[in-house]
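Encoded as structure tokens, the structure appears first; notes follow it.
The values are calculated or read from the model by the stated rules, or taken from the named source; none is laboratory data. Since this is a predicted model, take the numbers as computed values, not measurements. Methodologically, a virtual Cβ is constructed for each residue, glycine included, from the backbone with ideal geometry; neighbour enumeration extends over all protein chains shown. These area figures cover heavy atoms from the full protein model, side chains too; ligands, DNA and RNA do not enter into them. Shrake-Rupley method; radii C 1.70, N 1.55, O 1.52, S 1.80 Å.
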Amino acid sequence: MNLLTQALHLLGSGAMSYISARNLRDLQTRPNMLAGFQLAEAGAVPFLEALSQRAAAEGDEWLSESLARHAQDERRHAQIFAHALKQLNKQVIDFKQVPEKKADGQTDERRRSPFFEAYYEGYKDALAPQKIDWMVFFISTHILELDAGKDFARMATVLPDTDAASANLKKGLISIANDEQRHASYLLEAARRRSPYVEVSALVDHWRTRKVNALMAMVGNLLNKGGEIPSLARDGVPPEMTENPMETDPAMAAA
Ligand SMILES: [Fe+2]
Ligand SMILES: [Fe+2]
């Protein structure tokens with residue numbers, strides 16, 4: 001798994017919901033938030049696809065299909081955020097242009113996440129899709145999806161209906177929030193299919209505690225930097241982007 005994309009997934013997945021809601025409402029800071037979400041959602045796709053293949057290879061058809069659908073959803077979420085950026089004449093930065101280390105030898109802060117580091121502390125060598133423990137994946141991701149669903153729904157409520165870009169994004173966020181709820185549910189079901197109730201409950205508690213601690217680590221880090229989020233958006237629209245995923249996706253059109 002790529003540390004950067006996973007870190008951004010977590011950044012997008014709600015640990016910063018209170019800051020996110022404020023920054024999303026403000027047109028000045030909105031592009032940066034959208035870019036972070038786009039990178040996060042897109043970054044989760046290859047990981048989920050690899051897990052889907054592993055589940056198939058292990059003979060768990062139900063899990064493989066659920067993971068494949070999950071990957072598709074996250075791809076669509078990335079498109080929704082990309083489209084919202086495009087409406088503001090922005091696009092994500094090209095990470096190939098961002099040097100891994102800064103002049104002072106420190107890793108560029110856009111390439112690391114204190115939240116991710118704290119949440120998965122002690123697991124870092126065991127997070128590759130080929131070897132991650134299924135229960136660790138199910139429950140740690142269940143917690144993140146559950147919170148992401150609530151966070152995206154909350155973000156939708158702070159957006160005004162007064163301009164097309166905001167109204168469109170609001171619709172997208174509500175649809176994304178529903179998907180994240182569904183992801184949280186199937187992941188919990190996957191865990192229950194494999195382990196007894198007591199064990200699953202203990203793991204849910206464990207990862208909830210980790211989430212809280214990781215959130216505190218991240219907020220501490222953010223306060224040190226004066227609340228500033230590293231820049232992830234740049235001007236311009238990518239030439240390949242012409243479609244509005246809200247219009248072309250039948251599921252969205254029906255919603
Ligand atoms: Fe998502
Ligand atoms: Fe999700």
Prolate/oblate/rounded label for segment 36-190 (Cα gyration tensor, a/c 1.5): oblate
List THR209, THR157, THR162, ordered by accessible area with a 1.4 Å probe, largest first: THR162, THR157, THR209
Solvent-accessible ranking of TYR197, TYR120, largest area first, probe 1.4 Å: TYR197, TYR120
Solvent exposure, largest accessible area first (probe 1.4 Å, DNA, RNA and ligands not counted), of ASP147, ASP161, ASP26: ASP161, ASP26, ASP147
Around ALA56: net Lys/Arg minus Asp/Glu count, Cβ-Cβ under 14 Å: -3
Derived scalar couplings ³J(HN,Hα) [segment 39-53; Karplus, 6.51 cos²θ - 1.76 cosθ + 1.60; whole Hz; x for Gly, Pro]: 4, 5, 5, 5, x, 6, 4, x, 5, 5, 5, 5, 5, 4, 5
Length added when fully stretched, SER185-VAL198, from 0.36 nm per residue minus Cα-Cα: 2.9 nm
Solvent-accessible area per residue, Å², over segment 159-209 with all protein chains present [probe radius 1.4 Å]: 51 Å²
